[in-house]
Amino acid sequence: MTSRDKKASDTSVVEALNDLGLQSAIFPVERVFELFGELAGRAERGEISSLLLGERYLSHLAVEPPEVPGWALSVILVSMAQPIGRFRFRHDRGSTWAIVPPQYRENQDESVAGFLRRILGPDGFRALKARIPFKLAAARCGLGEYGRNNIVFTKENGSFLRLAAFYSDLPCVGASWRDPVLMKACTDCRACLEHCPTGCIVNDRFIVRGERCLTFHNEDPQPLPGWIDPRWSNALVGCMRCQSVCPVDRPVLARIETWDTFSESETAILLSQAEASSLPVSISRRIDRVGLGDYIPVLGRNLRLLIDR
């Protein structure tokens, strides 16, 4: 099939994804290198802590440019609604509900990849999952805006979303590109700044002090630093404090999805085991099913903090 025979366009793909309830934007693949250059500049200026540039977070932050496929012409960036997830853990003192903030359910990306294959495939186009600075890309292409808490918000879903990107050989025409901006709602609002227990949110920029962020530390299997008060813990992984007090998120705060319930014996196993390989398959599969397999090493410790509260 020649390029002349291909009928899909950047506009039609965005429209097709929108019909599926997904917001998206498409921009030329050359912009990827600008994104990585901007992130590297932030690191050089000390806006990104050296702690965050360690081995554990390099891939998460995507600060090192990947090998971009030679056939790629564009990047399709997709924003998908994602609610708070929650588990119920029964234990000898009763039961505890443990929440997981939006963005963690990584297996949702595979559903989007399937949609793209069905949209692009008939016209001979490809899509391959890409690891890029998602939030910066969303702010640059107009898909979202930064909040003061360094989280991207959209009109449709507030901050209750997940971003995914895909390289494609779909041509891109007339894509918008702009400077990242702070939401107007943040101009006179300090709710997240005042409710952050660690002081990671600052007043003069939307890049947080990542080394102070509770999320950074409770994703790390190493012991929590002594300056962190265990009572600050509020989620099985990540942190919901800034999102839960944001006025922009009020319309979506009720979006909560119950994932699973663990028996008293299963909870005891999770509290005592730190590695996925040591968990019974019946437990690890249920955690993998909601895309949290990579976080198994921290779940027991974080769950203990929630129970002890």
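The values are calculated or read from the model by the stated rules, or taken from the named source; none is laboratory data. Please read all numbers here as calculations on a predicted model, not as lab measurements. Every residue, glycine as well, gets a Cβ built from its backbone with ideal geometry; the counts of neighbours run over all protein chains shown. The accessibility values were calculated without ligands, DNA or RNA, using every heavy atom of the protein model including side chains. Shrake-Rupley method; radii C 1.70, N 1.55, O 1.52, S 1.80 Å.
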Name every residue in the stretch 213-255 that is aromatic (Phe, Trp, Tyr) and within 23 Å of the chain's Cα centre (by Cα), in order of residue number.
-> 216, 232
Entirely in the stretch 38-113, the strands (runs of 3 or more DSSP E) that have 2 or more residues that are over 24 Å from residue 127 (Cα atoms) and either modelled with pLDDT under 95 or among the hydrophobic types (A, V, I, L, M, F, W, C) (or both) | 84-91, 94-100
Options 90, 140: the member that is over 21 Å from residue 19 (Cβ atoms), in contact (Cβ under 8 Å) with a residue 60 or more places away in the chain, open to solvent by 60 Å² or more (accessible area, probe 1.4 Å) and not aromatic (Phe, Trp, Tyr) | 90
Does residue 212 qualify as being among the charged types (D, E, K, R), open to solvent by 30 Å² or more (accessible area, probe 1.4 Å) and touching a Cys at 6+ places or on another chain (Cβ under 6 Å)?
-> yes
So which pairs qualify, if the first residue must be in the stretch 260-287 and closer than 16 Å to residue 237 by Cα, the second must be open to solvent by 70 Å² or more (accessible area, probe 1.4 Å) and β-branched (Val, Ile, Thr), the Cβ gap must be under 9 Å, and the two must be at least 6 apart or on different chains?
-> none
For the stretch 256-309, what are the residues that are crowded, with 18+ Cβ neighbours inside 10 Å, at pLDDT below 95, over 25 Å from the mean Cα position of the chain (by Cα) and part of a helix (DSSP H, G or I)?
-> none
How many residues, within the stretch 188-240, are out of contact with any helix residue (DSSP H, G or I) (no Cβ under 7 Å at 6 or more places or on another chain), closer than 19 Å to residue 102 by Cβ and assigned to a helix (DSSP H, G or I)?
-> 1
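Residues are listed down the side, and each one gets a yes or a no for (1) open to solvent by less than 30 Å² (accessible area, probe 1.4 Å); (2) at pLDDT below 95; (3) within 21 Å of residue 202 (Cβ to Cβ):
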residue	(1), (2), (3)
120	yes, no, no
127	no, no, no
132	yes, yes, no
135	no, yes, yes
155	no, yes, no
166	yes, no, no
170	yes, no, no
174	no, yes, no
